[in-house]
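Have a look at the structure below, then the notes.
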Amino acid sequence: MPFLDRTLRSAAFVCLNAVLTLLSMSLFSVAGYAMPADNAPTGPNSDPTYQALRNLTLSGESVSVTNLDLKRDAGTFHLHSGTVCFVAPVNGKVTGAVFSGDGNFVLDPPLGVERKSLNLLTKQSEFSERFEQLVLRFTDSTYDEIKKAGAPATGACDAGPLKDSQHTMRHKLKDNLDARILQDILGTQPGGLFVAFVHGKNYNGQELYVIDPHGVHIGFPVAPEEVEFMTYDENKYGCWAAFHLSQEYKDGTASGNQNNWWAAIDHQELDTQIEKNGNLTGKAVTSFSAASNGVRVVPFNLFHTLRVQSVTGGNGQPLAFIQEDKNDDAQFFVILPQPLAAGEKFTITTVYGGKEAVTNEGGDNYYPVARVNWYPNSGDNTFGNHATYDMKFHVPKGMKMAVTGTPTENNEKEGTSHWVSEAPQVVAGFNFGRFKVEEAKLTKPEYLVQSYANVDPPSWVRGAQQAANSDLPIEGGSHIGEEGVALGTMNTTVLNKKALAESELAVQIYTDYFGPSLFKQLEVTQQTADDYGQAWPGLVYLPITYFFDTTTRHSLINMIRHRCPSCFMHGDDPYGYFKVVAPHEVAHQWWGHTVSWGSYRDQWMSEGFADASASIYLQAVYSKEPQKVAAFWHDELQILTERNKDGFRAIDVGPLTMGYRLNNSRAGFDITRDLIYPKGAYVLHMIRMMMRDRQKGDQPFKEAMQDFVKTYAGKAATTEDFKAMIEKHMTPEMDLEGNHKMDWFFNEYVYGTQLPTYKLDSSFDIGADGDVILNLKVTESGVDDKFRMLVPVYLELAEGNIAFLGRARLSGNNFLEQKIPLKGLKTKPRRAVLNYYADVLASPN
């Protein structure tokens with residue numbers, strides 16, 4: 001997910017975080033007028049300043065420009081010659097302009113990795129884009145700068161480009177730019193927003209360059225980073241570059257934990273009712289504090305079909321809010337009576353409701369569609385905002401609730417329950433249905449684990465059963481009788497105990513490795529979706545197909561493939577998915593919820609660490625079947641290095657820290673999943689294997705990870721935080737540069753894209769004393785001269801046991817050649833082996 005956790009590799013992943021969209025009311029223009037706060041309008045879209053922005057047109061003021069360079073951070077707009085026409089002022093501020101003429105846009109990111117990625121994806125050594133039209137929206141000094149450099153112009157201006165930009169934002173990108181500009185106009189601090197719609201030659205004229213001091217959330221959200229260049233043509237879509245303000249890299253303030261958002265939510269009181277048809281109504285009492293001075297317009301994340309009926313302040317005073325049509329630009333903003341000072345607290349009450357946030361899937365199965373925004377959440381800053389929760393639910397009678405938190409009341413007969421959070425958490429969620437529950441109470445650690453499976457199947461499963469029993473093809477296929485498919489009852493409660501047992505064991509293993517999580521209970525629930533799992537604090541959603549036995553799942557897949565060739569269905573167990581989906585999701589209680597991530601650049605730790613945790617689980621479960629653990633790492637390597645339909649290997653497209661923004665029309669839209677899960681897992685696994693000690697085993701690794709969890713419990717951690725923690729616990733052998741830093745490793749595998757190739761040549765002799773002598777040559781290739789690695793060497797002894805010999809230090813495209821006496825060993829080993837336990841991520845030979 002983005003934060004959405006999908007461990008099943010597929011092009012059919014569905015984003016459950018729907019883009020926020022909201023309902024528009026009647027519009028009227030009140031340019032240049034600000035209503036006093038004590039007489040402020042209330043209700044949706046009623047603020048006159050907002051209405052003026054919503055109906056913005058050109059003013060008739062224009063200037064001609066010649067050789068004007070408009071530099072905005074790493075981007076420079078060279079306006080060689082042409083005319084700039086300004087929009088009408090709002091509250092005395094001009095917030096836009098249209099340029100027509102001859103110009104070009106040059107982008108030179110401040111980070112080498114961003115320049116490399118931009119070159120790869122755009123096929124330009126230097127990014128330069130010619131344009132004849134440019135639309136600018138701004139709250140910075142752009143108006144004064146252009147007006148000062150230009151001369152008065154005559155003639156009419158074309159308002160078409162401005163209207164096109166408004167249409168793009170409202171109906172295509174569905175981001176409310178008008179509300180974002182309103183935040184600066186009504187705020188007390190100088191605005192620094194700059195948005196350029198570039199009508200260039202290479203991307204069908206649909207390019208966007210954005211600078212936002214509060215973090216970019218327009219287009220592809222990259223907050224807290226303040227600069228982004230992206231394209232939005234449906235056939236050429238992608239975020240091609242994103243970074244912090246260039247000055248922040250110079251002064252050392254650039255960070256994934258940078259607090260430049262508008263407000264931080266401290267506490268939520270939620271009262272939610274869900275009817276049998278899935279209709280949801282709610283009342284949220286949201287307490288928050290301003291993150292900076294002068295905040296008056298606060299954004300929230302609310303699912304687009306949930307319509308706000310009213311917003312009131314702490315004293316019951318009605319407040320104005322913004323919520324446009326659910327099919328258009330879809331953010332929910334609340335306009336406060338007065339600007340807040342940094343740290344100042346405020347409380348609002350929001351009443352809302354609507355359909356489609358939860359759906360009734362039949363058989364008393366319900367599907368929570370709006371996982372992160374079924375209540376007013378904290379905008380694009382969700383997973384960096386920890387808050388406490390107090391939640392009441394009213395659902396159809398007879399349904400069992402599973403909620404993130406501890407129940408103080410859970411009356412199944414009446415359908416009422418009350419839950420409070422165990423600790424501050426980044427998100428709250430729920431699942432409910434006619435569940436059968438299995439539970440186990442652990443003592444070490446002290447933990448309650450429950451597993452929920454629905455008694456009856458959802459409608460789509462019943463449909464599959466009926467299709468299997470019929471003699472009609474679904475879509476142009478043969479009759480089902482030819483296949484002899486029998487699906488049986490497809491009862492999911494049979495495997496409820498399996499889900500419980502796997503989750504119970506995973507909690508014990510992860511507590512041993514990583515220390516205690518913030519939570520003392522875990523509800524593992526069945527969901528009706530078949531192709532992904534997801535984890536919330538104390539709550540896990542597993543796909544319904546996990547609860548089918550292998551025979552049933554195999555029959556279902558065959559039936560669908562046979563009868564509906566165009567239908568999508570996953571393989572029996574692609575990449576061992578059903579072996580790891582439960583332990584992977586349980587691991588998110590540590591990675592993502594006890595320790596959250598700072599920004600999208602750090603999300604690889606959540607997904608990658610969960611995958612690596614699953615490998616530790618597999619190692620414990622299949623201790624006598626090491627080939628199953630080896631198969632896991634083989635699959636991870638294959639995912640990373642196989643070429644997709646666009647011809648790209650995930651490992652080559654970009655570093656882990658580019659995260660989900662690597663998905664684009666050029667490299668493909670599965671590329672991120674194929675990168676951050678397996679490579680992130682390899683990074684943690686390699687650190688584990690480098691720390692492994694002959695006497696202490698995994699203890700040094702456990703100490704480092706437990707320290708990391710303890711230090712950042714209830715906080716958002718960055719990649720740099722993790723690196724510092726590993727440096728704190730690194731072994732002397734890991735200090736390859738002699739500076740007690742892990743720069744060499746992180747530059748190669750976290751911030752870089754290199755993939756080494758290793759070759760081993762070996763033979764055995766018998767020395768004069770009868771001991772075996774190993775003749776060893778290890779070659780490293782396919783890397784640059786700075787690449788360093790510790791490459792482990794193992795011996796497969798005559799009786800078949802695997803013995804660790806040591807680690808070879810290699811640098812660049814080079815080799816290490818040695819004769820190594822194996823003291824006391826009189827029988828020649830079967831062979832010498834590199835990376836027996838997938839210790840190093842390297843090219844498959």
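The values are calculated or read from the model by the stated rules, or taken from the named source; none is laboratory data. All of these numbers come straight from a predicted model, not from anything done at the bench. Methodologically, a virtual Cβ is constructed for each residue, glycine included, from the backbone with ideal geometry; neighbour enumeration extends over all protein chains shown. To get the accessible areas, we keep the full protein, side chains included, count just its heavy atoms, and leave off ligands, DNA and RNA. Shrake-Rupley method; radii C 1.70, N 1.55, O 1.52, S 1.80 Å.
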| query | Ignoring any ligand, DNA or RNA, what whole percent of the accessible area of the range 756-811 comes from carbon and sulfur when the probe is 1.4 angstrom? | reply | 47
| request: Mind giving me the nanometre distance, one decimal, between the label points for A724 and K201, set 7 Å out from Cα along Cα→Cβ? | output: 4.7
| note | For N257 and K777, extending 7 Å from Cα along the Cα-Cβ vector and measuring point to point gives, in nm, a value of 4.9
| Environment charge at S763 (Cβ cut-off 11 Å; Lys +1, Arg +1, Asp -1, Glu -1) | +2
| note | Expressed per residue, the solvent accessible area of the range 117-175 in Å² (1.4 Å probe) is about 51
| Okay, which of the range 769-784 sit inside 20 Å, backbone N to the point 7 Å along the Cα-Cβ direction of K826? | 769-774
| query | Taking all pairs of different Cα atoms in the range 259-321, averaging 1/r and flipping that mean, what Kirkwood radius in angstroms comes out? | reply | 13.7
| For the range 590-711: accessible area per residue (Å², 1.4 Å) | 31
| query | Can you run phi through the Karplus equation (6.51, -1.76, 1.60; θ = phi - 60°) for the range 350-365 and list ³J(HN,Hα) in whole Hz, with x for Gly and Pro? | reply | 10, 10, 8, x, x, 9, 6, 6, 9, 10, 8, 8, x, x, 6, 9
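Could you state the orientation-averaged shadow area of the convex hull built on the Cα atoms of the range 344-401, in nm² to one decimal?
Details: hull surface 22.7 nm².
Result: a mean projected hull area of 5.7 nm².
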| note | In nanometres, the difference between 0.36 nm per residue of separation and the alpha-carbon distance of D144 and Q619 is 164.6 nm
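Normalised by the number of residues in the range 781-823, what is the relative contact order in percent for Cα pairs under 8 Å and 6+ residues apart? Display every interim value, and only then the final one.
On the way: 55 pairs, mean separation 17.8, N = 43.
Relative contact order of the range 781-823: 41 percent.
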| task | Return the sequence-ordered ³J(HN,Hα) values of the range 160-169 in whole Hz as given by the Karplus equation 6.51 cos²θ - 1.76 cosθ + 1.60 applied to θ = phi - 60°, using x for Gly and Pro. | result | x, x, 5, 5, 4, 5, 5, 5, 4, 5
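Could you tell me what percent of the accessible area of the range 299-417 is made up of carbon and sulfur, with a 1.4 Å probe and every protein chain present?
Working: 1860 of 3930 Å².
It is 47 percent, rounded to a whole number.
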| Over the chain, relative contact order from alpha-carbon pairs under 8 Å, at least 6 apart, % | 9
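Please report the carbon-and-sulfur percent of the accessible area for the range 509-560; probe 1.4 Å, protein heavy atoms only, DNA, RNA and ligands left out. Let's see the in-between values first.
Details: 580 of 1080 Å².
Roughly 54 percent of what the probe reaches on the range 509-560 is carbon or sulfur.
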| note | With Rh as the Kirkwood radius over Cα pairs, the range 281-423 has Rg/Rh of 0.99
| message | Given R₀ = 56 Å, what would the calculated FRET efficiency be for T711 paired with D769, taking r from the Cβ atoms and rounding to 0.05? | response | 0.65
| Of N293, A620, S781, which is farthest along the charge dipole of the chain in the positive direction, counting Lys and Arg as +1 and Asp and Glu as -1 at C-beta? | A620
| query | Taking the Cα atoms only, what angle lies between the long axis of helix 177-186 and the longest principal axis of the chain, rounded to 10 degrees? | reply | 70
| field | With Cα atoms, 0 to 90° folded angle of helix 699-712 axis to the chain main axis | value | 20
| query | Karplus couplings for the range 226-233 from phi (6.51 cos²θ - 1.76 cosθ + 1.60, θ = phi - 60°), rounded to Hz, Gly and Pro as x? | reply | 9, 10, 8, 10, 9, 10, 10, 5
| query | Which residues' amide hydrogens lie under 5 Å from the amide hydrogen of Y237, considering only partners 5 or more residues apart or on another chain, with H built in the peptide plane? | reply | S665
| message | Give me the one-decimal nm value for the distance between modelled label points at Q124 and T757, 7 Å along each residue's Cα-to-Cβ direction. | response | 3.4
| As computed over the range 740-821, the Cα convex hull volume per residue (Å³) | 118
| task | Please determine, in degrees from 0 to 90 and to the nearest 10, the orientation of helix 496-514 with respect to the longest principal axis defined by the Cα atoms of the chain, where the helix direction is its Cα long axis. | result | 90
| task | Using Cα centres only, tell me the gap between the range 802-816 and the range 246-305 in whole Å. | result | 50
| query | Using the reciprocal of the averaged 1/r over all distinct C-alpha pairs, how large is the Kirkwood radius of the chain in Å? | reply | 29.2
| request: Output the direction-averaged projected area (hull surface divided by four) of the convex hull of the alpha-carbon atoms of the range 589-718, in nm². | output: 8.4
| request: Compute the accessible area per residue over the range 390-469, keeping the other protein chains in place, probe 1.4 Å, unit Å². | output: 42
| message | Given the DSSP H assignment, sum -39500 (n - 2.57) over each helix run of at least 4 residues in the chain and divide by its residue total; what's the result at 222 nm in deg cm²/dmol, nearest 500? | response | -7000 deg cm²/dmol
| field | For K201, residues with placed amide H under 5 Å, excluding near neighbours | value | R130
| note | Once the dipole of the range 186-323 is set up from charges on Cβ (+1 Lys and Arg, -1 Asp and Glu), the residue from the list G238, L319, P190 lying farthest towards its positive end is L319
| task | Treat every Asp and Glu Cβ in the chain as -1 and every Lys and Arg Cβ as +1, leave all other atoms uncharged, and give the resulting dipole magnitude about the Cα centre to the nearest 20 debye. | result | 820
